[in-house]
Structure formats: C-alpha cells, structure tokens
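Structure, as structure tokens:
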Amino acid sequence: SIGCRCRRHHCRHRLYIGNASTTNTMGNQASAPAPVEPPKKAAKKLGIKTGKPICCCCPETKKARDECVVFKGEEDPECQKFIELHKACLRDEGFDVK
C-alpha cells in the first residue's frame, strides 16, 4: 500500500505510479478512473432482399411518399397511404419500423 508521508488529515497529494495516477484521501487510496473506451459503431443493418441500408431500400415507395408529403403535407389521406406502403416495404426488408 502506498500512502502519502505528510500525515495530514485532509491530504490531497497526488501519487504517481508509472502511467497511472492515484489520489490519497484520508489514508485510503483511490484509483484513477478506468480508461473510457470509444463508442463502438453499430453495424449497419442491411435489407434482407436487396442487401442495402434502410436509406436506399424501397426507392419507389420512398419517392412517392416524399413527393406527396412535400406537395400535400404529411396529414393528407393520400400521403398516409404512401407512408404506410413505404413502411410495409421496409418491414419486408427486415427493418423494425413503427
């Protein structure tokens, strides 16, 4: 056990051991925080039929949906039909779509 030799009640001296640093607090040795691993990239899910990512699957239904929404608005009943058709296409590709 490595401790500070100043013997003060509220010692805050930092002790360095190799590359790891520790802080001595009231006679207890606290270790340095563990190194943070970078977040892992999630593997891109591909459609089971086309082998493409979700952004590139179902281009026909996507185009019809997008054009309808731009010109008529998302709440239009005809656009709702296109939205549901596109969702169904994406589900057929194996994607989880609400």
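The values are calculated or read from the model by the stated rules, or taken from the named source; none is laboratory data. Here the structure is a predicted model, which means the values were calculated and not measured. Positions of Cβ are backbone-derived with ideal geometry, glycine not excepted, and every protein chain shown enters the neighbour counts. Side chains included, ligands, DNA and RNA excluded: accessible areas come from the protein's heavy atoms. Shrake-Rupley method; radii C 1.70, N 1.55, O 1.52, S 1.80 Å.
Annotation note: Cβ proximity below 6 Å between a residue of region 70-95 that is farther than 16 Å from LYS52 by Cα and a residue that is open to solvent by 80 Å² or more (accessible area, probe 1.4 Å) and among the charged types (D, E, K, R) (sequence gap 6+ or interchain) occurs for CYS79/LYS72.
Pairs are defined by a Cβ separation below 8 Å, a sequence spacing of at least 6 or placement on different chains, a first member in region 32-53 that is among the acidic types (Asp, Glu), and a second member that is modelled with pLDDT under 65 and open to solvent by 90 Å² or more (accessible area, probe 1.4 Å); no pair meets this definition. Taking the numbered list (1) acidic (Asp, Glu); (2) under 17 Å from LYS45 (Cα atoms); (3) at pLDDT 95 or above in turn, ASP66 passes all entries but (2). Before we move on, is PHE82 at pLDDT 95 or above and surrounded by 10 or more Cβ atoms within 10 Å (Cβ to Cβ)? Yes; evaluated as a whole, the condition is true for this residue. Here region 27-63 is the region considered, the condition is being among the polar types (S, T, N, Q) and either part of a loop (DSSP other than H, G, I, E, B) or open to solvent by less than 100 Å² (accessible area, probe 1.4 Å) (or both), and the residue that is modelled with the lowest pLDDT is GLN29.
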